[in-house]
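The values are calculated or read from the model by the stated rules, or taken from the named source; none is laboratory data. The structure displayed is predicted, hence computed values, not measured ones. Reconstructed Cβ throughout: ideal geometry from the backbone, glycine too, with neighbour counts over all protein chains shown. Quick note on the areas: whole protein, heavy atoms, side chains included, nothing else; ligands and nucleic acids left out. Shrake-Rupley method; radii C 1.70, N 1.55, O 1.52, S 1.80 Å.
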Amino acid sequence: MPLWEVFIRPRTGLNHKHVGSLHAADAQMAVQAARDVYTRREEGNSIWVVRAEQIVASDPDLAAENFDPAGDKVYRHPSFYDIPDEVGHM
Amino acid sequence: MAAIESQALVASVVQLADDHLILGHRLSEWCGHAPMLEEDLSMPNMALDLIGQARNLYSYAAELEGNNRSEDDLAYLRTDREYRNCLLVERPNTDFAHAMLRQLYFAAFMQPYWQAVLDGKDSVLRGVAGKAIKEVGYHIRHAGEWVVRLGDGTDESARRMNAAVDALHPYTEELFVVDADRQYCIDNNVLPDPQSVRTLWQDTINAVFSQALIEVPEVTYPLVGGREGRHTEDFGFLLADLQYMQRTYPGAQW
């Protein structure tokens, strides 16, 4: 039985977040199983499932090339602006 | 409320509660034994829905009765003949096909039944119904999808699903049986007539069966008796399990 990756959205307005995986025969059964396995404690209000084999991942061996160059570019963080109080949480 | 109406209502509410408790118990027997981890969670999930509904109903019956009996007394301390659940819900698990089909039969009946309870005049029952409708809607979906996949699956799954249909379909007629107490509640607009949801039940079953490539059998000899307290042999074993704790440690709570 194929493996599915499960993503749950905790609340409207937030993003779906990966919570785990499960086995199911097809997409519909995967959504139902995800509901049963991953939302028993009110974890969310929306479910995505994706066939695990459909996920394309970056190569761990290329992690240094991929991610290290960003390490010394602190100016990319938008943390150098004064944000007016009335804007609130961003 | 007149004494007679109260007595009829208590009996009918207990009967409804018994259906839910016993089916919930049967489902709970799968805990740790389901064919896959995902089902090992979803079957007890459904069992807990049913036992929750049973609790609400027993509590209400105990309150109406006003006899100092608690929901636990009603659930655990009656003899087999005092349980009025239909035979369908006490049928043994046998295999996964039996369990899913039994669930579908019951849920497909209860969903429109609870819907009709919402039009009745009893506010407590309307409250129970409002919550139960959502739960049982999912049970139809879950069990129905499995019936389709097993019926239209491999040769072996189809053989087992058809065997389950042959074994369980004759028990479905009892869902529609009305005794004197229920009739009293129907006449007084407290509970709906089960006959009024027969078409909806049949529509759900037909829709699932046609997808599952299962023929709806003709029932020539309906198997009934639970509503009068006449149960199948398996029921005694079920009760022995269900009641063990309260019988051994009377009044035990957690």
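Among the residues that make up region B:213-223, is at least one of them outside any loop (DSSP other than H, G, I, E, B), at pLDDT 95 or above and more than 18 Å from the chain's Cα centre (by Cα)? No, region B:213-223 contains no residue that is outside any loop (DSSP other than H, G, I, E, B), at pLDDT 95 or above and more than 18 Å from the chain's Cα centre (by Cα). Taking first residues from region A:18-34 that are facing chain B (nearest Cβ under 7 Å) and closer than 16 Å to B:His139 by Cβ and partners that are basic (Lys, Arg) and not in a helix (DSSP H, G or I), no Cβ contact under 9 Å between residues at least 6 apart in sequence or on separate chains turns up. Being touching a Lys or Arg at 6+ places or on another chain (Cβ under 7 Å) and among the hydroxyl-bearing types (Ser, Thr, Tyr) narrows it down to one residue among B:Tyr171, B:Tyr113, B:Tyr138, B:Tyr184; which is it? Just a single option satisfies the conditions, and that option is B:Tyr171. Condition first: farther than 24 Å from B:Asp49 by Cβ, more than 19 Å from the chain's Cα centre (by Cα) and in a loop (DSSP other than H, G, I, E, B). Can you find one or more residues in region B:171-186 that meet it? The answer is no, given that none of the residues of region B:171-186 is farther than 24 Å from B:Asp49 by Cβ, more than 19 Å from the chain's Cα centre (by Cα) and in a loop (DSSP other than H, G, I, E, B).
If you filter region B:10-30 down to residues that are among the aliphatic types (A, V, I, L, M) and within 20 Å of B:Glu145 (Cβ to Cβ), you find that the one that is surrounded by the fewest Cβ atoms within 10 Å (Cβ to Cβ) is B:Leu27.
Answer yes or no as to whether A:Glu43 is surrounded by 12 or more Cβ atoms within 10 Å (Cβ to Cβ), in contact (Cβ under 8 Å) with a residue 12 or more places away in the chain, more than 10 Å from chain B (Cβ to nearest Cβ) and among the acidic types (Asp, Glu). Criteria met by A:Glu43.
A residue that is away from chain A (no Cβ under 14 Å) and open to solvent by 70 Å² or more (accessible area, probe 1.4 Å) can be found somewhere in region B:166-177.
When B:Trp30 is tested against the conditions (1) farther than 22 Å from B:Asp179 by Cα; (2) of a type outside the set (Ser, Thr, Tyr); (3) at pLDDT below 95, the lone failure is (3).
Here the condition is being within 14 Å of another protein chain (Cβ to nearest Cβ), in contact with a strand residue (DSSP E or B) (Cβ under 8 Å, 6 or more places away or on another chain) and farther than 23 Å from B:Glu233 by Cβ; of B:Leu48, B:Leu41, B:Leu37, it holds for B:Leu37 alone. Might you let me know whether region A:3-12 holds any residue that is within 14 Å of another protein chain (Cβ to nearest Cβ), open to solvent by 60 Å² or more (accessible area, probe 1.4 Å), within 21 Å of the chain's Cα centre (by Cα) and modelled with pLDDT of 95 or more? Within region A:3-12 (the criterion being within 14 Å of another protein chain (Cβ to nearest Cβ), open to solvent by 60 Å² or more (accessible area, probe 1.4 Å), within 21 Å of the chain's Cα centre (by Cα) and modelled with pLDDT of 95 or more), the answer is yes, since at least one residue qualifies. With respect to B:Tyr249, determine if the residue is open to solvent by 20 Å² or more (accessible area, probe 1.4 Å), over 20 Å from the mean Cα position of the chain (by Cα) and either within 20 Å of B:His20 (Cα to Cα) or of a type in the set (A, V, I, L, M, F, W, C) (or both). When the stated conditions are applied, B:Tyr249 does not pass them. Counting only helices (runs of 4 or more DSSP H) that sit wholly inside region B:31-92, those with at least 1 residues that are open to solvent by 40 Å² or more (accessible area, probe 1.4 Å) and touching a Gly at 6+ places or on another chain (Cβ under 6 Å) are B:37-65. Can you find a residue in region B:225-234 that is of a type in the set (S, T, N, Q) and assigned to a helix (DSSP H, G or I)? Among the residues of region B:225-234, not one is of a type in the set (S, T, N, Q) and assigned to a helix (DSSP H, G or I), which makes the answer no. Could you tell me whether any residue of region B:11-30 is closer than 30 Å to B:Arg160 by Cβ, under 12 Å from the mean Cα position of the chain (by Cα), within 14 Å of chain A (Cβ to nearest Cβ) and aliphatic (A, V, I, L, M)? Checked region B:11-30: at least one residue is closer than 30 Å to B:Arg160 by Cβ, under 12 Å from the mean Cα position of the chain (by Cα), within 14 Å of chain A (Cβ to nearest Cβ) and aliphatic (A, V, I, L, M).
Number of residues in region B:31-52 that are within 21 Å of A:His23 (Cβ to Cβ) and under 19 Å from the mean Cα position of the chain (by Cα) equals 6. Within region B:28-46, residues that are among the acidic types (Asp, Glu) reach partners that are open to solvent by 20 Å² or more (accessible area, probe 1.4 Å) and not in a loop (DSSP other than H, G, I, E, B) with beta carbons closer than 6 Å, at six or more positions or on different chains, in the pairs B:Glu38/A:Val37. Checking each residue in region B:134-164 for being open to solvent by less than 40 Å² (accessible area, probe 1.4 Å), over 21 Å from B:Gln53 (Cα atoms) and in contact with an Asp or Glu (Cβ under 8 Å, 6 or more places away or on another chain) picks out B:Ala158, B:Ala164.
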